[in-house]
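These notes are about the structure you will find just below.
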Amino acid sequence: MTARHFLLDTDLTSAEQAAVLDLADGYKARRRAPGPADRPLAGRSVALLFEKPSTRTRLSFDVGVAELGGHPVVIDAASTQLGRGETIEDTAAVLSRYVDAIVVRTFAQERLERLAAAANVPVINALSDHAHPCQALADLQTIRERRGGLAGLTLTYLGDGNNVAHSLLLAGALAGMRVHVASPPGYEPFEQVVRHANEIGAATGGEALVMHDALEAAAGADVLYTDVWASMGQEGESDSRSLVFQPYQLDEKAVEAAKPDVLVLHCLPAHRELEISGSVLDGPHSAVFDQAENRLHAQKALLSLLFAAEAGVAEAGTGGTGAGGADAAR
Ligand code: CP
């Protein structure tokens, strides 16, 4: 049986992504009064493997799996045999015998892909150096609940063309959004990601654009977004990056250039007065804590969809119809 993974935003179709956002809204609305159908992970276990630090992702998956009726098992490299050199492939094969899905935060996307290739349960990218697709689902949920829709909106991302920018480009394209990324020369998102986003946008009405002038990019934006200037593992470059990225700070000038009701997002953790001014992060346009909360709801929805797909495959293998799986969401 081939497991359904979520390693990159484009592992969901446009319709599946919209279905996940609908499910996420439902989980959010029913959180304090869940029904029997809100526990699709009953009797299942999910490994949460974190090779890098995390607050939001780790906690929201831990709580989310439990709220879905499942059993979360949090592990890290240092306290497992991974830290003593056991291969990611052997680890994936062993974990697949114990748990029903593996959520992984790691370094290179290639390491994540190797793990997924050796696993026979769904693998979810909880951040790699290339992409942060779970974050993008929560971002879209937050925008949609504040604006009522996504297609045609302009999201301007200021700063490093990193994993978060890549996922916004791809998930935004799937939703028919215009995603403009303003980065210093040399720090743009990968060309292949921008090209891929524009290929998707040709069908959805989305558009991906890389710019170098922050205020020009912010002009007329519906959403302004930023992330840290030095990602995990780049701490040694913090001082030099602070100089290069200074013109890209999400500050009051950027907010004034955008639409009057612009929504301000940041995936957190934030550094006030570096990538975002404190007055903007804590100001009236900011939805960053709703955004952080939505990690929980969006990931519960994603897990539900992946487990429904697994159930569909298993049913098909035993003569069932597979109805209710991923195809049903398209
Ligand atoms: N936004 C995000 O991924 O936060 P954590 O690093 O705390 O998980």
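The values are calculated or read from the model by the stated rules, or taken from the named source; none is laboratory data. Since this is a predicted model, take the numbers as computed values, not measurements. Positions of Cβ are generated from backbone atoms using ideal geometry, with glycine treated the same way; all protein chains shown enter the neighbour counts. Remember, those area values only see protein heavy atoms, side chains included, never the ligands or the DNA or RNA. Shrake-Rupley method; radii C 1.70, N 1.55, O 1.52, S 1.80 Å.
Quick rundown of the values:
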| read-out | value |
| --- | --- |
| Kirkwood hydrodynamic radius of segment 1-133, from inverse mean 1/r over distinct Cα pairs, in Å | 15.4 |
| Tilt relative to the chain, helix 88-98 - C-alpha long axis, 0 to 90 degrees, to 10 | 50 |
| Those aspartates and glutamates that a straight Cα-Cα span of less than 14 Å connects to residue 52, excepting residues fewer than 8 apart in one chain | 76, 129, 235 |
| With Cα atoms, 0 to 90° folded angle of helix 109-118 axis to the chain main axis | 10 |
| Alpha-carbon centroid distance for the pair segment 132-173 / segment 7-22, whole angstrom | 13 |
| Antiparallel content of DSSP bridges confined to the chain, in %, to 5 | 0 |
| Residue 261-residue 75 pseudo-label distance in nm [points 7 Å out on the Cα-to-Cβ vector] | 4.8 |
| In nm, spacing of pseudo-spin labels at residue 93 and residue 195 (7 Å Cα→C-beta vector) | 3.6 |
| Heavy-atom accessible surface of the chain: percent carbon and sulfur, 1.4 Å | 53 |
| Per residue, in Å², the accessible surface of the chain once ligands and nucleic acids are set aside, probe 1.4 Å | 41 |
| Radius of gyration and maximum dimension Dmax of segment 172-261, Cα, Å | 14.1, 41 |
| With DNA, RNA and ligands ignored, accessible area of residue 28 (1.4 Å probe; Å², nearest 10) | 60 |
| Lys/Arg +1, Asp/Glu -1 at C-beta; the chain dipole; positive extreme among 36, 128, 236 | 36 |
| Global form of segment 84-141, assessed from the alpha-carbon gyration tensor, a/c cut-off 1.5 | oblate |
| Inverse mean reciprocal Cα-Cα distance (Kirkwood Rh) of the chain, Å | 20.1 |
| In degrees, nearest ten, helix 163-174 long axis to first principal axis of the chain (Cα) | 80 |
